Amino acid sequence: MATMLFILNDAPYGSERAYNALRLAGAVAGKPEQRVRLFLMADAVGCAKAGQKVPEGYYNVQLMLGKVLRQGEVALCGTCMDARGMTEAEITEGARRSTLAELAQWTVEADKVLVF
């Protein structure tokens, strides 16, 4: 099974970088023989904030993250969470707090790494 690692750095809203990364990660996660791992860093940790409410007709990255979570793994940089005052209780179900050491391990194990 091939492993693809997605590393996101941008905020969930304001640009379409996180939106496009999550679209691609969700599409890859749905393919047979593909393992998807998603690591959220910097402002991207906001993608996993539970309880997001966006205007009608606007994309919701929390819902998009759910598609990846159903078939892959999602981890958040703990240091980045702390810098933004985000607690583990605020993370959407299925995602989890992680470390740079785990990101390093995921990077070594990945067949492909995409950074957004």
Restricted to segment 92-112 and to residues being under 19 Å from Q34 (Cα atoms) and β-branched (V, I, T), the residue surrounded by the most Cβ atoms within 10 Å (Cβ to Cβ) is T107
Of those in segment 1-60 that are of a type in the set (S, T, N, Q) and part of a strand (DSSP E or B), the residue modelled with the highest pLDDT is T3
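For segment 3-28, how many residues are touching a strand residue (DSSP E or B) at 6+ places or on another chain (Cβ under 6 Å) and open to solvent by 10 Å² or more (accessible area, probe 1.4 Å)?
Our first condition is that a residue be touching a strand residue (DSSP E or B) at 6+ places or on another chain (Cβ under 6 Å); within segment 3-28, this holds for 3-8, 18, 21, 25, 28.
Next, only the ones that are open to solvent by 10 Å² or more (accessible area, probe 1.4 Å) stay: 3-4, 7, 28.
So the answer is 4.
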Subset of segment 8-45, residues under 14 Å from F116 (Cβ atoms), out of contact with any Ser or Thr (no Cβ under 9 Å at 6 or more places or on another chain) and of a type in the set (K, R), comes to R17, R23
When segment 61-91 is checked residue by residue, the ones that are assigned to a loop (DSSP other than H, G, I, E, B), open to solvent by 40 Å² or more (accessible area, probe 1.4 Å) and farther than 20 Å from S15 by Cα are G85, T87
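Which count do you get for residues in segment 29-51 that are under 15 Å from the mean Cα position of the chain (by Cα) and either open to solvent by 30 Å² or more (accessible area, probe 1.4 Å) or among the aliphatic types (A, V, I, L, M) (or both)? Let's see the steps before the verdict.
Taking segment 29-51 first, the residues under 15 Å from the mean Cα position of the chain (by Cα) are 29, 35-50.
Okay, now just the ones that are also either open to solvent by 30 Å² or more (accessible area, probe 1.4 Å) or among the aliphatic types (A, V, I, L, M) (or both), so 29, 35-36, 38, 40-45, 48-50.
Total satisfying the criteria: 13.
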Considering segment 92-116, residues that are assigned to a helix (DSSP H, G or I) and out of contact with any strand residue (DSSP E or B) (no Cβ under 8 Å at 6 or more places or on another chain), and then whichever is farthest from A21 (Cα to Cα), we arrive at A101
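The values are calculated or read from the model by the stated rules, or taken from the named source; none is laboratory data. From a predicted model like this one, the values you see are computed outputs, not experimental measurements. No Cβ is skipped: glycine too gets one built from the backbone with ideal geometry, and neighbour counts run over all protein chains shown. Accessible surface is based on the protein model in full, side chains and every heavy atom, while ligands, DNA and RNA are left aside. Shrake-Rupley method; radii C 1.70, N 1.55, O 1.52, S 1.80 Å.
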